[in-house]
Amino acid sequence: MAEQVLTEISVLRTSPLAHLQSALEQGAVQGDRGVSVSEIAFMTQIGLRAEPGTAAHVALAAATGVGLPAAVGQVAGDANGTAVLWSGPDEFLLVAPDGTEFLDDLLSALGQEPGQVVDLSANRTVIELSGPSARAVLEKGCPADLHPRSFTKGTAITTVLGPVPVLLWKSAEDTFRLLPRASFADYTARWLLDAMAEFASAPID
Amino acid sequence: MMLIECPWCGPRNETEYGYGGEAHVAYPADPSALNDNEWAKYLFYRKNPKGLFAERWVHSAGCRRWFNAVRDTVTYEFKAVYKPDEPQPIKTTNAPAQGGTK
Ligand SMILES: [Zn+2]
């Protein structure tokens, strides 16, 4: 009997919020005060480290195709394709759609220069919170200033939501992406569902 | 809630930060030459002034970088923050030795 060898293993992948998918769908609130939450599973995430002004920084900036962000809050590229988020003065996170092959290009661009290219795709998952009430939901537990005058579309920061460290990224108007570590994803999603619930009722004046 | 200014990220809530104690405690030039008493003083003994104090802080929930701050221990007011390679902008009793920055 010939042994069966599984060559396509991607079907076995389970995302950190797969078990909550129907709860997330049911938690959606429609209307003027609407807000909905979903998981964008399996996004490619690559951690990059290089000191600005070095050859490594120049090489990685070229290899991403969208450069590297220069300061806090900045995102190079855009949310629909490849984006690079600033997470420290010499530390960045590249985020791209599932299946984007980037690692080898970045590794060969870095070469032997001092720096880092590491696949972090399974480290965090991406939760998308969207709708007119999305900011109000986040403001219940995030101490950062999320007012549109300072937190504009295309801004991303490292902060906390409740007790959970997250990358918070305003990927479009009224749309935020939260990137908690995979082990915090369940808690974060349930926290959001709880915070969203009140918006299904009419506001109390 | 109190805002603390990170030199890289700007003003953020105090809950994003960790405290690292007195700044500018120089590592001994020749640690093996120290006796137990001197080593204990290096490890554990810190100033505790009333007034301006140079301290280490870390933006642990943000950029995860260490920096220095001059804080008034009476009012809790942050008078200045500065990166590890920047000179101390306001004098304190625990200023770096010989005008050094570390
Ligand atoms: Zn910071």
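If you average the sequence gap of Cα pairs under 8 Å that are 6 or more apart and divide by the length of chain B, what percent do you get for the contact order?
Computed over chain B, the figure is 26 percent.
Please list 3J(HN,Hα) in residue order for segment B:12-21, calculated via the Karplus relation 6.51 cos²θ - 1.76 cosθ + 1.60 where θ = phi - 60°; whole Hz, with x for glycine and proline.
9, 4, 4, 5, 7, 10, x, 9, x, x
With a 4.7 Å Cβ cut-off, tell me which Cys residues in chain B come up empty for a partner.
Lacking a cysteine Cβ partner under 4.7 Å: B:Cys63.
Residue by residue through segment B:49-56, what is 3J(HN,Hα) from phi via Karplus (6.51 cos²θ - 1.76 cosθ + 1.60, θ = phi - 60°)? Round to whole Hz and write x for glycine and proline.
Taking θ as phi minus 60°, the curve returns x, 9, x, 6, 9, 8, 10, 9 Hz for segment B:49-56.
Using only the alpha-carbon atoms, what does the protein assembly as shown span along each of its principal axes? Please give whole angstrom values in decreasing order.
70, 65, 39 Å, listed from the longest principal axis down.
Could you give the distance between the Cα centres of segment A:1-47 and segment A:48-66, to the whole Å?
A separation of 31 Å, based on Cα centres.
Lysines within cross-link reach of B:Lys50: Cα-Cα under 25 Å, excluding same-chain residues under 8 positions apart?
The qualifying lysines are B:Lys41, B:Lys79, B:Lys83, B:Lys91, B:Lys102.
What is the mean projected area of the alpha carbon convex hull for segment A:1-97, to one decimal in square nanometres?
10.8 nm²
Rule-of-thumb check for segment A:103-205: C-alpha Rg over 2.2 N^0.38 Å?
For segment A:103-205, the normalised Cα radius of gyration is 1.30.
Counting other Cβ atoms within 10 Å, keep those with at most 11, restrict to DSSP loop, and tell me which trypsin sites (Lys or Arg not before Pro) in segment A:108-205 are left.
A:Arg149
Treating the Cα atoms of segment A:42-122 as identical point scatterers in vacuum, please give the log10 of the normalised Debye intensity I(q)/I(0) at q = 0.11, 0.18, 0.23, 0.25 Å⁻¹, two decimals.
For the requested q values the scattering log ratios are -0.23, -0.63, -1.05, -1.26.
Per residue of B:57-69, what is the mean number of Cβ atoms on other protein chains within 10 angstrom of that residue's Cβ?
That works out to 3 on average.
Mind listing the long-range amide H neighbours of B:Ala80? Cut-off is under 5 Å, sequence gap 5 or more, other chains count too, H placed in the peptide plane at 1.01 Å from N.
Those qualifying (amide H under 5 Å, at least 5 residues apart or on another chain) are B:Val70.
Every read-out reported here was derived from the displayed coordinates using simple, explicitly stated rules and does not represent laboratory data. For clarity, every value in this text was computed on a predicted model and none was experimentally measured. Counting neighbours? That spans all protein chains shown, and the Cβs are built from the backbone with ideal geometry, glycine included.
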